[in-house]
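*Asks:* Quick one: the structure is below, and I'll ask about it shortly.
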Amino acid sequence: MHTTTQKESITFITTDASLQTKIIEGLNEYQQNELTFRVIHNPEDVRTCLELLQKKTKKYSSQQKKYIWVISEEEQDLAKEILSYGQASIIAKESSCLIKSMDQAIKHYPCLDLPFQKGILAMVYRNNKPKRTEDLTISLDSHSEFNQTEKDIIYYLLQGKTAEQIAEQTYNSVHTINNNIVKIKRKLNVRSKVEIITHFVKKNRR
């Protein structure tokens, strides 16, 4: 059962109105929180919605207000625009385990579903003009705040690998990898894997 120290406001935003019933019925354990649903019909509505949410985010902590976008895997540009406005969880409506993905999007807020990670990672690299990924291991040696396991995970994150892929590569469980990612976030004072990547890419500009 999901528990919170304070009442959360969880807003689901999508371009597909048919998902509303499925989302509400699938998240019974969150009924003690304030659940709202918003449908975006066109690009103008997207920008208006993002600007409004950005203003609200400045007034409330992410623990009080969470915005979960449920969009198509094909809407990569929309995902980039959403993240440019601030924190959000973005999941693909095509997910075979949509309710589970939405649950994770709330519990691990903010987070980015796998279909969108590659595109966002490419955008981060392009915007910050990083050195080659291989060169980033050199700079990690100077970060004494991280143990070797955490440095290895950062290296693989910078290659765009998922927690599952990192677990397989390092012979660890996915649970262990996710726990270490949480520790890395705390040390960097960031809230998402994208922010971890951005932090190190910016430090390795040409």
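*Asks:* Is the range 132-154 home to any residue that is among the basic types (K, R), at pLDDT 85 or above and outside the structural domain of A88 (by TED's automatic domain parsing)? Please lay out each step first, then the result.
*Replies:* Going residue by residue through the range 132-154, those that are among the basic types (K, R) are 132, 151.
Remaining after also requiring at pLDDT 85 or above: 151.
From the residues that got through so far, the ones that are outside the structural domain of A88 (by TED's automatic domain parsing) too are 151.
Yes, because at least one residue in the range 132-154 is among the basic types (K, R), at pLDDT 85 or above and outside the structural domain of A88 (by TED's automatic domain parsing).
*Asks:* Only residues that are surrounded by 11 or more Cβ atoms within 10 Å (Cβ to Cβ) and more than 23 Å from S95 (Cα to Cα): list them for the range 16-50, please.
*Replies:* Q32, N33, E34, P43, D45, R47, T48, C49, L50
*Asks:* Specify the residue that is nearest to L53 (Cα to Cα); the eligible residues are those in the range 69-120 that are in contact with a Ser or Thr (Cβ under 8 Å, 6 or more places away or on another chain), acidic (D, E) and surrounded by fewer than 20 Cβ atoms within 10 Å (Cβ to Cβ).
*Replies:* E75
*Asks:* Another question about this same structure. Cβ-Cβ distance below 6 Å, separation of 6 or more or different chains: which pairs start in the range 31-54 with a residue that is in the same structural domain as T14 (by TED's automatic domain parsing) and at pLDDT below 80 and end on one that is acidic (D, E) and not in a helix (DSSP H, G or I)?
*Replies:* The qualifying pairs are N33/E8.
The values are calculated or read from the model by the stated rules, or taken from the named source; none is laboratory data. For clarity, every value in this text was computed on a predicted model and none was experimentally measured. Cβ sites come from the backbone with ideal geometry, for glycine too, and all protein chains shown count toward neighbours.
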